[in-house]
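Q: Quick one: this structure, given as structure tokens, is what I'll be asking you about.
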Amino acid sequence: MRRNTTTWGMIAASGALVLTLAACGDDSPEVEEPTTNAADADGSEDITDEAPATDDAPATDEAPATDDAPATDDAPATDDAGGDVGGDVAAGTEVSTDDFISMLKSPGNDQLSSFSMQMDMDVQGQAMVMSGKADLGGSAGPAMDMQMEIPGMGSINMIMVDGNAYMSVPGVTEDGQFLQMPLEEVMGEDADDFTNQVDMTSQWDDWETGAQQITFVGPEDVDGETLNHYTMLMDTTELTSLEGEDTAGMPDEITYDVWLDDQNFMRQVTFDIMGSVTTMKMADWGQPVDITAPDASQIMEMPGMPTTSP
């Protein structure tokens, strides 16, 4: 499990990289022939989740009742790690943090290492959309291919593979062209955090630490699919990942709405921070992902920006 500050850190990191490039947009780029990089994973992204259901360990009722206190069925068990808690628990029932985190982790690391996502957010009053795919299990390290729609800038394509970032930014790069930069040189000491924040599951460390109350709301229809809805009250003052960071705009409490499918894959998350609402939708968990660097003919060099050696 990778540690990070929380998923909105990925938003800030992406925006910082984009703005860095935009600030250099007045220089005239030149074509260069750098070493290309490619992810090792192959496959199609248009595949539905096929990970086996993990509700094989139902809650047990084997503890014998004593003569003085007969067993009752009033409190359904919720500690069946990886089980379909939504099917066993009545709406409105509280779920322990341990049980909830166990459900989230139950598909296993292999199935949780790749996914597609869409994130709709409000950043300082501006609507921003991020969509794409990620592969965290490749032999060459984490890889992702993201499209970002940013007001005033248009559609931005960011590819991260083999430790390099490739950016296509309107007004900065020519159509179909990319800038190539080593991620650690662009992001500095934040490079590792940025890489970790690609991992949608890494925020669960914070959830495990800061969750104060988790409630099963009930099954709901989301985009034509029945998902199990949970709410989680988070105490941000308990998050060790925020130590030493500027938390002036961070409220003491955040409520997350989380939807899981019948295999306990996280499919949708929404949260509101100071009136800025973010909605994340995830799919294609565990499916093969093909992420490759742009062709050498698509790479541009911008004076003043760090690049890899040709």
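Q: Given R₀ = 22 Å, FRET efficiency for D120-M274 by Cβ-Cβ distance, to 0.05? Don't skip to the end; give the middle numbers.
A: Numbers: r = 17 Å, r/R0 = 0.77.
Taking R0 as 22 Å, the efficiency between D120 and M274 is 0.85.
Q: Residues with amide H under 5 Å of V222's amide H, sequence separation 5 or more or different chain, H placed in the peptide plane at 1.01 Å from N; which?
A: Amide H neighbours of V222: L227.
Q: While we're looking at this one, here's another question. For the stretch 292-300, just list the computed ³J(HN,Hα) in residue order, Karplus coefficients 6.51, -1.76 and 1.60, θ = phi - 60°, integers in Hz, with x standing in for Gly and Pro.
A: Those phi angles translate into 10, 6, x, 5, 4, 5, 9, 8, 10 Hz.
Q: Please list, ordered by chain and number, the residues whose modelled amide H lies under 5 Å from the amide H of I273; skip anything fewer than 5 residues away on the same chain.
A: Answer set, sorted by chain and number: T278.
Q: Hey, with R₀ at 45 Å, roughly what FRET efficiency would A140 and D88 work out to, going by the Cβ-Cβ distance, to 0.05? Intermediate values should be presented prior to the final figure.
A: Details: r = 41 Å, r/R0 = 0.92.
Efficiency, rounded to the nearest 0.05: 0.65.
Q: Please state the relative contact order of the stretch 108-163 as a whole percent: Cα pairs under 8 Å, 6+ residues apart? Spell out each step's value before the answer.
A: On the way: 100 pairs, mean separation 14.8, N = 56.
Dividing the mean separation by the residue count of the stretch 108-163 yields 26 percent.
Q: What order, most packed first, do the peptides 251-259, 133-141, 158-166 have when packing is the mean number of other Cβ atoms within 10 Å of each residue? Don't skip to the end; give the middle numbers.
A: Details: 251-259: 16.0, 133-141: 17.9, 158-166: 21.8.
Per-residue Cβ counts within 10 Å, averaged per peptide and sorted highest first, yield 158-166, 133-141, 251-259.
Read-outs throughout are calculated quantities, based only on the coordinates presented, and are distinct from any laboratory measurement. Here the structure is a predicted model, which is why all the values come from computation and not from measurement. Note: ideal-geometry Cβ built from the backbone for every residue, glycine included; neighbour counts use all protein chains shown.
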